[in-house]
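Just below is one structure, and these are the notes that go with it.
Every read-out reported here was derived from the displayed coordinates using simple, explicitly stated rules and does not represent laboratory data. Here the structure is a predicted model, which means the values were calculated and not measured. Reconstructed Cβ throughout: ideal geometry from the backbone, glycine too, with neighbour counts over all protein chains shown.
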Amino acid sequence: MKKSAIVTGGSRGIGLGIVRQLAKDGYSVVILDVNSPEQYKETFDQLTAEGVDYVYIQGSITEKNDRERCIEETVRKYGSVDVLVNNAGIAPRVRADLLDMSEESFERLISVNTKGTMFMSQAVAKQMIKQPYKDGRKGIIVNISSMSAEVSSINRGEYCISKAGVSMLTLLYADRLASEGIFVYEVRPGIIATDMTAGVKEKYDALFEQGICPIKRWGTPEDIANAVSVFCSGKLLYTTGQYIDVDGGFHIRRL
Ligand SMILES: NC(=O)c1ccc[n+]([C@@H]2O[C@H](COP(=O)([O-])OP(=O)(O)OC[C@H]3O[C@@H](n4cnc5c(N)ncnc54)[C@H](O)[C@@H]3O)[C@@H](O)[C@H]2O)c1
């Protein structure tokens, strides 16, 4: 039976890669993103040409009404929410030293990355609990956190804190939802080539050259999407609360 997946922030970058991969895996996909659909016309035309079965919902994960509208629309169109990929996230507008970080930036990051993910998961979990089992599970939630969940960057501490919160969300929901037949996982991307990192391209090009990662290249949205695909495959149903580093081996401590 065909399944449906909600991918937040699925209009570009990593989220768009996930949308394409889940469509290949047979999912109908609902994209929840903040901008007007006109802005993504070219992308959506491509998805249509590729035969991707998708719906776009304009809204923010920070808004209760938008979250609920997205879930209602998914259930109305596809009958259930089988997968949620919490991918939407933002970086600080300014990379400021920890001692200069503004409260406004801290609140902005926590609001989207942590609170948005927390309450999107909560709303979707309540829907998944009501659903019958399909292929051994009622639902799967995959959180896209970051290497920054455990790596210190003192010029964007608010991002690190917000993503560390996402890692704890993974554990909490995995624990709470296991008995409900809902499995929760996390992907921790390393340095991935998207609009988010476009502004620091030269810096990271040089770092890759110097060997910052054992695998000497930028990660791609497809690298992250492949990991999401594995978690959603249903082949890991005696695991929950697990994460995978998709970071070119960055996490390995080296001498
Ligand atoms: N690019 C990287 O190197 C990298 C590394 C680690 C983690 N990540 C994480 O991966 C995820 C995707 O990153 P990306 O590089 O593709 O970024 P991106 O900026 O290219 O895309 C993010 C998408 O999320 C959407 N979005 C932002 N706020 C939203 C909200 N409130 N509600 C709904 N949608 C919203 C944006 O409109 C955009 O489409 C983010 O959570 C990011 O923190 C990225």
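Binning the alpha carbon pair distances of region 3-246 at 5 angstrom intervals from zero yields the distribution 1, 6, 14, 18, 21, 17, 12, 7, 3, 1, 0, expressed in whole percent. A simple count of charges around Ser28, restricted to other residues whose Cβ falls under 10 Å of its Cβ and scoring Lys, Arg +1 and Asp, Glu -1, yields +1. Think of it as helices only: each DSSP H run of n ≥ 4 in the chain is worth -39500 (n - 2.57), and spread over all residues that comes to -12500 deg cm²/dmol at 222 nm. For region 102-112, 3J(HN,Hα) computed residue by residue from phi via the Karplus equation (6.51, -1.76, 1.60; θ = phi - 60°) reads 8, 5, 4, 5, 4, 5, 4, 5, 5, 4, 7 Hz, glycine and proline entered as x. With everything on Cα atoms, drop me the angle between helix 64-78 and the longest principal axis of the chain, reported from 0 to 90° to the nearest 10. For 64-78 against the chain, the angle is about 50 degrees.
Using the Kirkwood radius over C-alpha pairs as Rh, can you work out the diffusion coefficient of region 160-255 via Stokes-Einstein at 37 °C, viscosity 0.692 mPa s, in µm² per second? Working shown, then result.
Details: Rh = 14.9 Å.
D, rounded to a whole number, is 220 µm²/s.
Computed over region 206-252, relative contact order equals 55 percent, with contacts defined as Cα pairs under 8 Å that lie 6+ residues apart.
For region 100-180, the relative contact order is 39 percent, taking Cα pairs closer than 8 Å that sit 6 or more residues apart in sequence and dividing their mean separation by the residue count. Relative contact order of the chain, taken over Cα pairs closer than 8 Å and 6 or more residues apart, is 20 percent. Compared with the dominant Cα axis of the chain, that is its longest principal axis, helix 157-177 is turned about 30°. Sorting Asp66, Asp135 by the number of Cβ atoms found within 10 Å of their own Cβ, with the fewest placed first, yields Asp135, Asp66. Rounded to the nearest 20, the Cβ-based charge dipole of the chain about its Cα centre (Lys and Arg +1, Asp and Glu -1) stands at 660 debye. For the options Gly199, Gly79, Gly15, a Gaussian network treatment of the chain with springs between C-alpha atoms closer than 10 Å singles out Gly199 as fluctuating the most. Here's the list of lysines a cross-link from Lys126 could span, going by alpha-carbon distance under 28 Å and ignoring same-chain residues fewer than 8 apart: Lys2, Lys3, Lys24, Lys64, Lys77, Lys115, Lys134, Lys138, Lys163, Lys235. Peptides 188-194, 32-38, 243-249 ranked from most to least packed give 188-194, 243-249, 32-38, packing being the mean of other C-beta atoms within 10 angstrom over each peptide's residues.
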